[in-house]
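Enquirer: One structure is given below, represented as structure tokens, and several questions about it will come after.
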Amino acid sequence: MTHSSDSPSLFENLRLELRRGSLVLAVLAALRKEQYGYTLRKALADLGMAIDEGTLYPLLRRLESQGLLLSEWREEEKRNKRFYKLSPAGEQVLGQLLAEWKSIDSSLTEIVKG
Amino acid sequence: MQLLERYLKSLSPLLPAEQREDILRELSEDIQSEMDDKQSELGRPPTEDEQYEILKRRGNPLEVAAGYTSNRGTLAFGRQWIGPVLFPFYVRVLTFNLGLTFLIVGAVFAALSLAGQQVHFADLFSSVILQLFIQLSAVTLIFALVERHLSRHPHHWNPEKFKVELQVRIKKDIHQKIHKKIREVPRFESFSILVASTVALLWMQSLWSHPFLIFGPAASLIQLAPIWHRIYMPTVAVILAAMLRAAINLVRPDWIRFRDVAALVLDAASLAIIYALIFGGTWVVPATADSTVAIHAAQAVNQWIPYGLWIAAVISLAQAIKNLLRLYYNWRWELSSK
């Protein structure tokens with residue numbers, strides 16, 4: 001059996017896997033500023049971290065249930081919206097994750113350099 | 001926003017009950033925001049076709065709902081057999097089938113035990129393991145085939161169908177029905193009935209050649225009495241009719257009255273079968289006529305079976321009353337929508 005390393009679906013799967021791992025970090029970092037789901041999704045997409053709503057909303061719920069986010073329903077522009085922001089515990093975890101990410105980044109840079 | 005409401009309505013029964021309202025509110029807000037953005041971009045409200053595109057991009061409601069279920073398990077041996085979308089339903093069907101089977105096996109062993117027959121834990125354990133293996137294989141196979149079909153046709157959900165249905169409805173009676181709620185038999189209810197009934201049929205069919213399936217090691221002592229042979233064909237007919245009903249509602253979930261009437265007819269047939277069983281007199285007979293142990297075991301089980309049958313009769317009657325009330329309320333609702 002042969003495997004083609006340049007198969008588009010294989011690359012796509014690996015790419016998605018790689019990005020999936022960074023989503024939590026991106027969402028937590030973006031929610032240092034309070035936002036509701038739709039604006040968060042747009043902000044992430046504008047910065048090159050597009051995330052579909054089917055992934056984002058369940059992720060927001062999971063992070064909230066883990067105590068990393070706080071949320072509240074509030075009216076804005078005559079519509080009720082659910083606003084999310086980082087909780088104090090979330091800020092602490094974000095700091096730790098960012099440090100970890102920087103460490104991975106510098107290790108990978110060294111590895112790639114050979 | 002009729003289309004948005006229909007999308008959310010199709011999503012609603014698939015979401016976890018305790019978060020349903022909250023999730024629907026949030027998704028509704030997200031879709032409305034996207035439609036508002038589209039309106040700003042176009043300088044006019046999005047057309048129906050453009051709204052359909054927005055909803056279609058969000059994907060099949062089954063996949064969307066699967067993201068919110070706490071049971072995100074999958075079944076994989078090498079490759080994935082049952083994915084996160086179907087897994088909660090797989091667990092539900094398996095739990096129901098296994099629960100029912102273990103109840104029967106447990107009742108037989110309890111009856112033997114209460115009658116003073118020696119029941120070894122190893123016998124009970126081997127019987128339970130065998131049931132587990134059979135049910136697990138049958139249900140897993142069916143769900144794996146469905147999963148294979150879904151993965152080959154991932155975008156089966158088509159909002160265009162909503163559009164056609166909606167247009168037909170509007171043409172039919174725009175002033176009367178447009179603001180009415182649309183009632184449908186959930187497709188997963190029909191699907192679950194089909195799977196559970198298939199497994200029940202296979203299980204029943206195997207009972208004659210493998211009485212071990214119901215009696216466990218006690219199969220060497222007792223066997224089913226002739227009454228079970230007499231009710232076998234009517235029971236198979238009822239199960240097949242239930243499967244036919246579910247298959248029809250899978251294609252036509254809007255046939256609510258058909259479901260309600262068919263359910264009542266099937267309830268009546270089930271009650272008639274239970275009635276015939278209750279007055280059957282003897283439900284198990286000794287496997288060997290000259291064995292006193294076998295005769296004693298058969299007497300013990302026959303002594304306890306009526307209690308189980310009466311419980312089944314009460315449950316079936318309660319189900320029939322519930323279905324009768326449902327028929328009445330749906331009939332009233334239909335009258336009020338005209």
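Bear in mind that the values in this text are calculations on the coordinates, not laboratory data. Keep in mind that what you see is a predicted model, and the values were worked out from it rather than measured. Positions of Cβ are backbone-derived with ideal geometry, glycine not excepted, and every protein chain shown enters the neighbour counts.
Enquirer: Counting only other chains, and only Cβ atoms inside 10 Å, what mean value do you get across the residues of A:41-50? If you can, show how the numbers build up before the last one.
Expert: Numbers: counts 3, 3, 0, 0, 0, 0, 0, 0, 0, 0.
For peptide A:41-50, the averaged partner shielding equals 1.
Enquirer: Using a basic spin-label model with each label point 7 Å from the Cα along Cα→Cβ, how many nm lie between A:I104 and A:E76?
Expert: For the pair A:I104/A:E76, the computed spacing is 2.9 nm.
Enquirer: Applying the Karplus parametrisation 6.51 cos²θ - 1.76 cosθ + 1.60 with θ = phi - 60° to the phi angles of the stretch B:52-58, what ³J(HN,Hα) value in whole Hz is obtained for each residue in order, glycine and proline being reported as x?
Expert: Each residue of the stretch B:52-58 in turn: 4, 4, 4, 6, 4, 4, 6 Hz.
Enquirer: Hey, with R₀ at 25 Å, roughly what FRET efficiency would B:S12 and A:E34 work out to, going by the Cβ-Cβ distance, to 0.05?
Expert: So, using R0 = 25 Å, E works out to roughly 0.30.
Enquirer: Could I have the simple spin-label model distance between B:V285 and B:H210, label points 7 Å from Cα toward Cβ, reported in nm to one decimal?
Expert: The modelled label-to-label distance comes out at 2.5 nm.
Enquirer: Round to the nearest 10 and give me the degree value, 0 to 90, for the angle of helix A:8-30's Cα axis relative to the longest principal axis of chain A.
Expert: With rounding to tens, the tilt is 40 degrees.
Enquirer: Return one number: the angle in degrees, 0 to 90 and rounded to the nearest 10, between the long axis of the Cα atoms of helix A:88-113 and the longest principal axis of the Cα atoms of chain A.
Expert: Value to nearest ten degrees: 20.
Enquirer: Tell me the relative contact order for chain A as a rounded percent, counting alpha carbon contacts under 8 Å between residues six or more apart. Present the calculation step by step, with values, prior to reporting the outcome.
Expert: On the way: 89 pairs, mean separation 27.1, N = 114.
Value for chain A: 24 percent.
Enquirer: While we're looking at this one, here's another question. In whole Å, what three semi-axes, largest first, describe the equivalent ellipsoid of the stretch A:25-113 built from its Cα gyration tensor (square root of 5 times each eigenvalue)?
Expert: Over the Cα atoms of the stretch A:25-113, the semi-axes work out to 28, 15, 10 Å.
Enquirer: Take every residue in peptide A:57-66, count the Cβ atoms of other chains within 10 Å of its Cβ, and give the average of those counts.
Expert: On the way: counts 7, 9, 1, 1, 7, 4, 0, 0, 1, 0.
Counting Cβ atoms of other protein chains within 10 Å of each residue's Cβ and averaging gives 3.
Enquirer: I'd like the FRET efficiency for B:L201 and B:V293, computed as 1/(1 + (r/R0)^6) with the beta carbon distance as r and R0 of 35 Å, rounded to 0.05.
Expert: With a Förster radius of 35 Å, E is 0.60.
Enquirer: Could you please state, rounded to a whole Å, how far the C-alpha centre of the stretch B:1-70 is from the C-alpha centre of the stretch B:82-103?
Expert: The stretch B:1-70 and the stretch B:82-103 have Cα centres separated by 29 Å.
Enquirer: Oh, and also: On a 20 Å Cα-Cα criterion, which of the cross-link pairs A:K42/B:K38; A:K85/B:K56; A:K33/A:K102 come out too long?
Expert: The pairs that break the limit, which is 20 Å between Cα atoms, are A:K85/B:K56; A:K33/A:K102.
Enquirer: So how do B:143-149, B:24-30 stack up, highest first, on mean other-Cβ count within 10 Å?
Expert: Working: B:143-149: 15.9, B:24-30: 18.6.
With the highest mean Cβ count within 10 Å placed first, the list reads B:24-30, B:143-149.
Enquirer: Report, by chain and number, residues whose modeled amide H sits under 5 Å from the one on B:I222, excluding near sequence neighbours (fewer than 5 apart, same chain).
Expert: Correct list: B:A287.
Enquirer: Give me the net charge for the shell around A:R32: Cβ to Cβ below 13 angstrom, other residues only, Lys and Arg +1, Asp and Glu -1.
Expert: 0
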